[in-house]
Structures are given as structure tokens and as C-alpha cells.
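Visitor: This is the structure I want to talk about, given as C-alpha cells.
Since every read-out is calculated from the coordinates, none of them should be taken as a lab result. Note that the coordinates shown come from a computational prediction; the quantities given were computed from them, not determined experimentally. Reconstructed Cβ throughout: ideal geometry from the backbone, glycine too, with neighbour counts over all protein chains shown.
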Amino acid sequence: MTGLFITLEGGDGSGKSTQSALLATWLEENGQTVVLSREPGGTELGLELRDIILHRRGYIDPRAEALLYAADRAHNIATKVRPALERGDVVLQDRYIDSSVAYQGAGRVLDPTEVRDVSFWATEGLLPDLTILLDLDERVSQERLKDRTKYDRLEEEKQEFHARVRAGYLELAAAEPERFLVLQATDSVETLAAVIRERVAELLAGASTEQPQ
Ligand code: TMP
């Protein structure tokens, strides 16, 4: 595959969509074709699953929840992300496997390795070239979201849940320092965008010097 797969991770309100939009503009100005995606909900089927996962009232068993995210992911990767990468595009995706390991693993206290393995099966082991983690204290995250009138099922969870999610993310990043770029989400939008651009420029330079297989 010749494209680049970049994912953005972090708690709610950490600024992923702002950074994704800025990076997309910069990439396009530099001649790249960008495909924006997100999980859950990157495809039509995914939008229906997103509605079920996030807005269905009532209890959903944690394993059922993990499988619904994995189903969305399987379809998104097979029908949208892999074809884009095969064309040589840059895929910028809001959330991926690391969200499942952090939210369903650390947050819902399922075995993180099992959660990851389900997603590996779902995606035939596709890993991002770069994962940008916008790290944010869960109290700041809640403060940033406080004016929302509607919360989804995950956002409604208690602060301890979000503290576990944050710790889960940091553990993942520590285990794979090559893949992760960890940033402080409280830095200014411009500072974050500049650091991200620098890292992506390096990746693009590396990709263009790689020999075709
Ligand atoms: P968002 O698209 O607005 O960020 O909302 C998605 C929510 O779903 C967010 O609270 C994180 C959560 N989530 C998981 O719990 N597991 C996952 O695998 C993914 C992709 C998202």
C-alpha cells in the first residue's frame, strides 16, 4: 500500500477535529489527496451503527459495545480506508483501534489485549503510520464539554471512567513511541498544528524515498 494512514486520538473535546481539518488543508495545499474518515460512522453502515452505539437508550453490554465498534471498523477499513491507501491517498481518521483499547479496555475494564485482537481481526491487522494523541486531563475535557445540551452514552460516563481512558491512551503511547505523537491538547491550536505538520512532512519525505515493492 502506498498511501499514509494517520489517526487522531484523545478524549472528547481534545481538539481532534480542529487539527484534522487544519492538517487536511495543509496536505491538500501540498498536492496530497486526503480522505477524511472517523469511527464510528465513517461509512453509511457506520452512521447507522454510530446511532445505535451512541444514542440508543438503555444498557448495552460492554462486549456487545466492543463488537459494534469493531463491526463499524471492519466495514470502514475494508470499503473506505484500504481502497484509499491503495490509491496512494492520505487517510486522516478521527479515532481507531486505540479508542477501543482505551474506552472498552481501560474504560469498561475489558481485557485490553482481547479488545485489540478483535479489532485486529476486523481490520486484518491494519495499523496506522502515525497516531496523534491529544492528551487532555479528563477534568478539562468535562469543562470544555459542559455547555453541550446533549451528551452521548460515552460522554455521560463518570469522571473516573474518563480518567481510566486517558491512562489507557498514555499506556498505549508509551508502548509504541514510534507510532504515537503525544501532544498536550491545552497547547494553542497553532502550536499543535505546527508540530503535527512537521511530523507528517517527515513521514511524507520518508514515503517518497521508499522503493516500490
Ligand atoms: P466522537 O466521534 O464524537 O468522538 O464520539 C465517539 C465516542 O465513541 C467517543 O466517546 C469515544 C467512543 N469510542 C469508543 O468507546 N470506542 C471506539 O472504538 C471508538 C472508535 C469510539
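Visitor: Taking square-rooted eigenvalues a ≥ b ≥ c of the alpha carbon gyration tensor, is region 1-51 rounded, prolate or oblate, where a/c under 1.5 means rounded and, failing that, a/b exceeding b/c means prolate?
Guide: Details: a/c = 2.25, a/b = 1.38, b/c = 1.63.
Oblate.
Visitor: Also, I was wondering about something else. If amide H atoms are built 1.01 Å from N in the plane of the peptide, which residues on other chains or at least 5 residues away come under 5 Å of the amide H of Val182?
Guide: Leu133
Visitor: Starting from the Cα of Lys80, draw a straight line to each of the lysines and keep only those under 25 Å, dropping any in the same chain fewer than 8 residues away.
Guide: Result set, ordered by chain and number: Lys16.
Visitor: Starting at the first residue of region 10-17, write each ³J(HN,Hα) from the Karplus equation 6.51 cos²θ - 1.76 cosθ + 1.60 with θ = phi - 60°, in whole Hz, x for Gly and Pro.
Guide: Those phi angles translate into x, x, 5, x, 8, x, 4, 5 Hz.
Visitor: Something else about it: Given the rule -39500 (n - 2.57) for each run of at least 4 DSSP H residues, summed and divided by the residues of the chain, what is its mean residue ellipticity at 222 nm, to the nearest 500 deg cm²/dmol?
Guide: -16000 deg cm²/dmol
Visitor: Which residues does a label at Arg179 reach in region 4-18, if reach means a backbone N under 18 Å from a point 7 Å past the Cα toward the Cβ?
Guide: In region 4-18, the label zone of Arg179 (backbone N under 18 Å from the point 7 Å along Cα→Cβ) covers 4-11.
Visitor: OK, next. When the Cα centres of region 32-95 and region 143-213 are compared, how far apart do they sit, in Å?
Guide: So the two Cα centres are separated by 17 Å.
Visitor: How much net charge surrounds Arg179 when only other residues with a Cβ under 13 Å from its Cβ are counted (Lys, Arg +1; Asp, Glu -1)?
Guide: -4
Visitor: Excluding same-chain residues fewer than 8 positions from Lys146, which aspartates and glutamates have a Cα within less than 18 Å of its Cα?
Guide: Hits, sequence-local ones excluded: Asp12, Asp137, Glu138, Glu155, Glu156, Glu157, Glu160.
Visitor: Can I ask one more? Assuming R0 = 22 Å, can you tell me the calculated FRET efficiency for the pair Thr149 and Leu36, based on Cβ-Cβ distance, to the nearest 0.05? Spell out each step's value before the answer.
Guide: Numbers: r = 26 Å, r/R0 = 1.17.
Computed FRET efficiency for Thr149 and Leu36 comes out at 0.30.
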